[in-house]
């Protein structure tokens with residue numbers, strides 16, 4: 001999760017697509033679209049293995065767009081294939097009131 005956050009900060013679309021599971025991967029991300037977010041920090045709330053080759057990570061990523069602060073609160077699902085972890089999908093907790 002931390003490497004994917006860093007890739008968003010650095011605009012590394014190729015890395016993000018390589019670490020996204022092929023079943024749910026979009027064709028492009030368009031990270032260079034304006035306005036670009038200014039990423040401010042990542043807090044990992046929890047992580048847990050949900051099976052031999054699956055896990056979840058709950059996080060809050062803070063960022064600004066146009067001078068306005070935002071928070072992205074997500075619980076991400078990952079699967080491991082051939083020893084590598086891939087992002088599958090994310091859900092936004094209903095209790096997140098930011």
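Each value in this text was obtained by applying a stated rule to the coordinates, not by laboratory testing. From a predicted model like this one, the values you see are computed outputs, not experimental measurements. Cβ coordinates were reconstructed from backbone atoms using ideal geometry, including for glycine residues, and neighbour counts include every protein chain displayed.
In the range 38-59, of all residues being within 12 Å of the chain's Cα centre (by Cα) and without any contact (Cβ under 8 Å) to a residue 24 or more places away in the chain, the one that is surrounded by the most Cβ atoms within 10 Å (Cβ to Cβ) corresponds to 56. Among the residues that make up the range 35-53, is at least one of them under 17 Å from residue 87 (Cβ atoms) and in a loop (DSSP other than H, G, I, E, B)? Yes, because at least one residue in the range 35-53 is under 17 Å from residue 87 (Cβ atoms) and in a loop (DSSP other than H, G, I, E, B). Just give me the residues in the range 9-25 being in contact with a strand residue (DSSP E or B) (Cβ under 6 Å, 6 or more places away or on another chain) and assigned to a helix (DSSP H, G or I), in sequence order. Once the filter is applied, which keeps residues that are in contact with a strand residue (DSSP E or B) (Cβ under 6 Å, 6 or more places away or on another chain) and assigned to a helix (DSSP H, G or I), the range 9-25 yields only 9.
Of 62, 77, 4, 18, all but one fail to be free of Cβ contacts under 8 Å to residues at least 12 places away in the same chain and under 14 Å from the mean Cα position of the chain (by Cα); the exception is 18.
Among the residues of the range 64-78, is any surrounded by 15 or more Cβ atoms within 10 Å (Cβ to Cβ), touching a helix residue (DSSP H, G or I) at 6+ places or on another chain (Cβ under 8 Å) and under 18 Å from residue 3 (Cβ atoms)? No, every residue in the range 64-78 fails to be surrounded by 15 or more Cβ atoms within 10 Å (Cβ to Cβ), touching a helix residue (DSSP H, G or I) at 6+ places or on another chain (Cβ under 8 Å) and under 18 Å from residue 3 (Cβ atoms).
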